[in-house]
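The values are calculated or read from the model by the stated rules, or taken from the named source; none is laboratory data. Just so you know, these numbers come straight off a predicted model, no measurement behind them. Quick reminder, even Gly has a Cβ in these numbers, built from the backbone with ideal geometry, and neighbours come from all protein chains shown.
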Amino acid sequence: MENHYIKFINCGQIQVAASCETRSNAITDAYYASTVLMFTQIGQMHVFVGEKEYVVPRGSFAIIRKYTEARLQKTWTKAEGQAKVYGFVLANEFIHRVIEKIPLEKNGTVPSDPFISVPTTQRLKELIKPIITYMDEGADLDVNLVESKTLEALKALAEADSNLLSSFINFSLFEKADLEKLMTHNFLYNIPLKELANQSGRSLSTFNRDFKLIFHETPHRWIMKKRLYHARDLMKKEKRRPSEVYLESGFEDLSHFSRSFKKQFRITPSQFYKNVC
């Protein structure tokens, strides 16, 4: 297994879950476009938001609010040998669709932190089992199933802490993402522009307009350049072959990667690799 492996599953064009297995304890940056229910199966997840550090121990749950810029680090014991973390995305549209089906707690303190530790309950354990199965099998989920699982998740969270549902009303309110942060953390993933616009809280036309104002070029050209420079850096700094970097640089086809690389840098990836090794 590689040192770091991330897998995603989707509902149509919406990313609804992700898993990460790693033997690397490097700190990585994250900027979530949706609120995420996180579960640590093996090891520990350390979440740094600003000057604060939060920990999600083995067998524990936590919530990270959408549009939270965080740094993540996974650690594990020698006996564990690796860390493994699952995330279930609680997208705004699914929250809006199901939140009215659950009675809300009217009293008490509403958690407002971008990171919320969630007490582990039997219901949450039962919820995460089929999500892990879907992740490990790599199957897409249909809308009805995601909606039902979101309803189950919110009910389980309400059981764990009766004030959490009020937080989700706040979390799912309309707001715009920081477009530069969103794109910097997502350019490697093959997310359709319409879905990126949706994740950013914008219509597609507004997304394209704002994008050009910030980056001074079209989303397609910017994403292509970022991926090519990312691949070039992997070959130069980590001495990895073109066949080893094109997939994790967002390309699905090696020949397309090679043509695009030569067009951008006036040299083929193979020639570049030979020059730097």
Practice task
Write out, first by first residue and then by second, each pair whose Cβ atoms fall under 6 Å of each other, whose residues are 6+ apart or on separate chains, and whose first residue, in the range 155-178, is at pLDDT below 80 while the second is crowded, with 19+ Cβ neighbours inside 10 Å and assigned to a helix (DSSP H, G or I).
Solution key: LEU164/LEU157; LEU165/ALA158; PHE168/ILE95; SER172/ASN92; SER172/ILE95
Exercise for the section: Please work out which residue is farthest from the chain's Cα centre (by Cα), limiting yourself to the range 200-243 and to residues that are in the same structural domain as SER270 (by TED's automatic domain parsing) and among the aliphatic types (A, V, I, L, M). Expected result: MET235
Completion exercise
Exactly one of PHE61, PHE94, PHE88, PHE48 is under 23 Å from LEU188 (Cα atoms) and more than 15 Å from the chain's Cα centre (by Cα), and that one is PHE48
Exercise for the section: Among the residues of the range 255-277, write down those that are aliphatic (A, V, I, L, M) and modelled with pLDDT of 95 or more. Expected result: ILE267
Exercise for the section: Check PHE88, PHE61 and return the single one that is in contact with a Leu (Cβ under 6 Å, 6 or more places away or on another chain), over 23 Å from LEU193 (Cα atoms) and buried (at least 20 other Cβ atoms within 10 Å of the Cβ). Expected result: PHE61
Problem - Residue satisfying all of: in the range 221-274; touching a Leu at 6+ places or on another chain (Cβ under 9 Å), small (Gly, Ala, Ser) and assigned to a helix (DSSP H, G or I); nearest to ASN186 (Cα to Cα) among these - result: SER260
Handout entry: Qualifying residue in the range 128-135 (condition: surrounded by fewer than 18 Cβ atoms within 10 Å (Cβ to Cβ), in the same structural domain as ALA33 (by TED's automatic domain parsing), of a type in the set (A, V, I, L, M) and outside any loop (DSSP other than H, G, I, E, B))
Key = yes
